[in-house]
1. For residue 195, indicate whether it is touching a helix residue (DSSP H, G or I) at 6+ places or on another chain (Cβ under 9 Å), touching a residue at least 12 places away in the same chain (Cβ under 8 Å) and either in the same structural domain as residue 107 (by TED's automatic domain parsing) or at negative phi (or both).
2. Can we say residue 77 is in contact (Cβ under 8 Å) with a residue 24 or more places away in the chain, surrounded by 15 or more Cβ atoms within 10 Å (Cβ to Cβ), within 30 Å of residue 140 (Cα to Cα) and not assigned by TED's automatic domain parsing to the domain that holds residue 140?
3. Do we have any residue at all in the range 22-40 that's surrounded by fewer than 16 Cβ atoms within 10 Å (Cβ to Cβ), touching a residue at least 24 places away in the same chain (Cβ under 8 Å) and in the same structural domain as residue 73 (by TED's automatic domain parsing)?
4. Quick check on the range 224-246. Is at least one of its residues part of a loop (DSSP other than H, G, I, E, B), crowded, with 18+ Cβ neighbours inside 10 Å, over 24 Å from the mean Cα position of the chain (by Cα) and outside the structural domain of residue 101 (by TED's automatic domain parsing)?
5. All but one of (1) part of a loop (DSSP other than H, G, I, E, B); (2) within 19 Å of residue 225 (Cα to Cα) hold for residue 200, so report the exception by its number.
6. So which residues in the range 145-176 are touching a helix residue (DSSP H, G or I) at 6+ places or on another chain (Cβ under 7 Å) and assigned to a loop (DSSP other than H, G, I, E, B)?
7. Kindly check whether there is at least one residue in the range 195-214 that is surrounded by fewer than 21 Cβ atoms within 10 Å (Cβ to Cβ), within 25 Å of residue 291 (Cα to Cα), in contact with a strand residue (DSSP E or B) (Cβ under 8 Å, 6 or more places away or on another chain) and modelled with pLDDT under 90.
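The values are calculated or read from the model by the stated rules, or taken from the named source; none is laboratory data. As the structure is a prediction and not an experimental result, all values here were calculated from the model. Positions of Cβ are generated from backbone atoms using ideal geometry, with glycine treated the same way; all protein chains shown enter the neighbour counts.
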């Protein structure tokens, strides 16, 4: 039994055959040939070193070893099927799946969702965190809150933010920094996936001949901001991602140089969504709450 794991298809073939006590019935359920089921069961028996069935003209009978294995297989496959149903199963028409950029979710949306649930108790909301911009909107997602540089082609979309971009750091680091050029000696924290970054900010700050030091990069701005709050570097913040950390003074703004973001958060949903659909109800609530 040492070495590679037992193939799941062998165990599934055994479990179905044990349930029907018939290789042909198992083959029909699994949409394979009877010979394929028979081979998978025999390979499992060879691996375990014991027979699992007694084969006779009228079908199959489980051996003691087979009877002992059946509950473990059924329990395992039952738990796996339940997990798959929970994660990817069919949604009822009143379940709303919202995919949202992680930073915006933690900064604003999570604080407001409770009020939506109170107003719409019949709508079950499932929130899916999104890290990467540009993921397609498919049938598994009803509402998408994503970074984009303009209205999203093919979708109904609404701009939610008009961000400024500016450097931030902890209070301890801020006391040492007097001029934008001072940042060149500090660890800079970058966030991938946005249109503007440190190079554009240094250009706006008129810091010439900038050689960027080695820096940490993150696929989530929120992670970069929280790392900066711990005192481990300077991050470029966006208004809609950093307000709570600035308000609590975990982060401090640096200098007066700001960029106007060329990409912002947009709410997107399928065109022609009925006005009473959960996605449209959520759209109307969010646009009102965000004003």
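1. no
2. Against the criterion (in contact (Cβ under 8 Å) with a residue 24 or more places away in the chain, surrounded by 15 or more Cβ atoms within 10 Å (Cβ to Cβ), within 30 Å of residue 140 (Cα to Cα) and not assigned by TED's automatic domain parsing to the domain that holds residue 140), residue 77 qualifies.
3. no
4. Scanning the range 224-246, I find at least one residue that is part of a loop (DSSP other than H, G, I, E, B), crowded, with 18+ Cβ neighbours inside 10 Å, over 24 Å from the mean Cα position of the chain (by Cα) and outside the structural domain of residue 101 (by TED's automatic domain parsing), so the answer is yes.
5. Against the list (1) part of a loop (DSSP other than H, G, I, E, B); (2) within 19 Å of residue 225 (Cα to Cα), residue 200 comes up short only on (1).
6. Result: 161, 163, 170.
7. no
Residue-by-condition table, conditions (1) under 19 Å from residue 75 (Cβ atoms); (2) in contact with a helix residue (DSSP H, G or I) (Cβ under 9 Å, 6 or more places away or on another chain); (3) at pLDDT 90 or above:
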site: 1; (1), (2), (3): no, yes, no
site: 7; (1), (2), (3): yes, yes, no
site: 11; (1), (2), (3): yes, yes, yes
site: 14; (1), (2), (3): yes, yes, yes
site: 19; (1), (2), (3): yes, yes, yes
site: 23; (1), (2), (3): no, yes, yes
site: 32; (1), (2), (3): no, yes, no
site: 36; (1), (2), (3): no, yes, yes
site: 40; (1), (2), (3): no, yes, yes
